[in-house]
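Please read the structure below before turning to the comments.
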Amino acid sequence: MTGRRGTPDSSPSSPSSSSSARPRRAARYAGALAACAALTAGCGTVPGTGGGAGDGTVTVMTWAPERTGATNKPGMPATARAYARWINRHGGVGGRTLTVLTCNEHNDSVGAAKCARRAAAEHVVAVVGSYSQFGDSFLAPLESAGIPYIGGYGVTSDEFTGPYSYPVNGGQPALLAGLGQALAEQCGPVTLVRPDSIAGDELPALLDSGLKAGGHASAADQLAAEDATEYGGEADRALEDATADPARKGCVVPALGDRTDTFMDSFRRARADHAPVRTATVLGSVDQTEIDATGGASGPYEGAYITGWYPVASDPRWKPMKQMISEEAFGDNRIDPADAGVQTTWIAYTVLRAVLERIGDGEVSADAVRHTLDGGLRVATGGLTPTLRWPDETRLASVGFPRLVNADVTLQLVRDGRLVAVRPGGTGPAVAGGDMTRTLEGADVG
């Protein structure tokens, strides 16, 4: 949810850009499909064949930002490497050895493009379980090389438009729509604190789609620098907006990625001078580790609603992933089983494994992986997501998300310092997560 803005008048949230972005994305999607159809041997066959050639080895890549001043996801490449060790120790996939290359994209458009070009040069058959906010920089090189992008983090809308992208969750669109829907009944004025960035420009409309579905007014849109070291002024302004109605307790929604904890440190000090408010956010901006570090039950997140893509980390459906971590990455503090990036990487590699099993003894290439995914493959994830399948277009194509196949979200509550699931019929909002497809169909997304 980060990414530096270019110039103010080129912001994707400006009216002129918003009105034209959807047709541009549709044209790009249709153009890429047409280009692939024009190739007699399949799009990307020549540059994408080497990753599974002849030696019984399948090569893929996972990338994420590490050691940067903004959002970092070191657990994703670490999980990918652990998965490769684990699957290879258990016989590989169909007798093939899995090799994982990793790349630090540095939270930078140039870095993301370099990782994509390296993936093409190394002839990987897929990029799997990765994080980057610069879809416009990495998707084009991957498409040129015919390389599918499986299970990105969903941080920008590009991942839900490119025909070579195979997302496993609903990204920020689903999380924010679900959060807005949950807060509509619970909150007075709502303030969204989000990055002053390209990716951040997409967030208000998504949160507002959920609020609107619940009959609530739009949230106040509070911009914040993505790499600030303190947010005192932003916290004061957010609190002023959220406490504008003395009759109803307002809500502050920080969605700043790794900088959410920095904001909350400033927010904790500022809130003493304002009427009480509730906080809420999305998983990825906050996890159990952050809740513990900020005081647990006595911290600023107590009582907060948090939307996620998957079941809570204590759910028994995560047992296979935790077993893999125990066997191959015990003591690696980069790999937190409660981290949404780690969880997404596990699910993305589950998809890759299903693809390789479907290919069987056939040649493994980027082209073969893509055609297998496009050919109606259904991937069960042990109940962590709905069964995944990627048709040419989805119901959300009309709002610019033709590749969004899983709009499910879970609603969690911080109770006594622990993230717990909110279930339908229990305490909390009337809508406890669920499928956000209908809600997103009403989103005014540019």
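The values are calculated or read from the model by the stated rules, or taken from the named source; none is laboratory data. Nothing here was measured: the structure is a model prediction, and the numbers come from that model. Reconstructed Cβ throughout: ideal geometry from the backbone, glycine too, with neighbour counts over all protein chains shown. Just so you know, the surface numbers come from the protein's heavy atoms only, side chains and all, with ligands and any DNA or RNA stripped out. Shrake-Rupley method; radii C 1.70, N 1.55, O 1.52, S 1.80 Å.
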Open item on the list: Give all pairs with beta carbons closer than 6 Å in which a residue from segment 241-265 that is closer than 8 Å to PRO189 by Cβ and among the aliphatic types (A, V, I, L, M) meets a residue that is at pLDDT 95 or above and open to solvent by less than 50 Å² (accessible area, probe 1.4 Å); count only pairs at least 6 apart in sequence or on separate chains.
Closed with: ALA242/PRO189; ALA242/THR191; ALA242/GLY250; ALA242/VAL252; ALA244/PRO189
TODO: Can you work out which of the residues in segment 200-258 that are part of a loop (DSSP other than H, G, I, E, B) and of a type in the set (Val, Ile, Thr) is surrounded by the fewest Cβ atoms within 10 Å (Cβ to Cβ)?
DONE: THR229
TODO: Say whether the condition of being outside any helix (DSSP H, G or I), at pLDDT 95 or above and either in contact with a His (Cβ under 7 Å, 6 or more places away or on another chain) or farther than 24 Å from LYS73 by Cβ (or both) is met by at least one residue in segment 350-358.
DONE: no
- [ ] Mind telling me which of the residues PRO173, PRO163 ends up being crowded, with 24+ Cβ neighbours inside 10 Å, under 19 Å from ARG403 (Cβ atoms), in contact (Cβ under 8 Å) with a residue 40 or more places away in the chain and more than 16 Å from the chain's Cα centre (by Cα)?
- [x] PRO163
Open item on the list: Step by step: first the residues of segment 102-123, then only those that are assigned to a loop (DSSP other than H, G, I, E, B) and under 22 Å from ILE335 (Cβ atoms), then the one that is least open to solvent (accessible area, probe 1.4 Å). Which residue is that?
Closed with: GLU105
Open item on the list: Just the residues that are assigned to a loop (DSSP other than H, G, I, E, B) and of a type in the set (S, T, N, Q), please, taken from segment 306-344.
Closed with: SER314, ASN333
- [ ] Taking the options GLU290, GLU302, GLU357, name whichever one is acidic (Asp, Glu) and touching a helix residue (DSSP H, G or I) at 6+ places or on another chain (Cβ under 7 Å).
- [x] GLU290
Open item on the list: So if I check each of ARG378, ARG403, ARG389, which one is touching a residue at least 40 places away in the same chain (Cβ under 8 Å), farther than 26 Å from ALA280 by Cα and of a type in the set (Lys, Arg)?
Closed with: ARG403
Task: Output for segment 354-373, where each listed residue is open to solvent by 60 Å² or more (accessible area, probe 1.4 Å) and within 17 Å of TYR164 (Cβ to Cβ) - done: HIS371
TODO: Return a yes/no flag: does segment 133-146 have any residue that is surrounded by 24 or more Cβ atoms within 10 Å (Cβ to Cβ), in a loop (DSSP other than H, G, I, E, B) and under 11 Å from the mean Cα position of the chain (by Cα).
DONE: yes
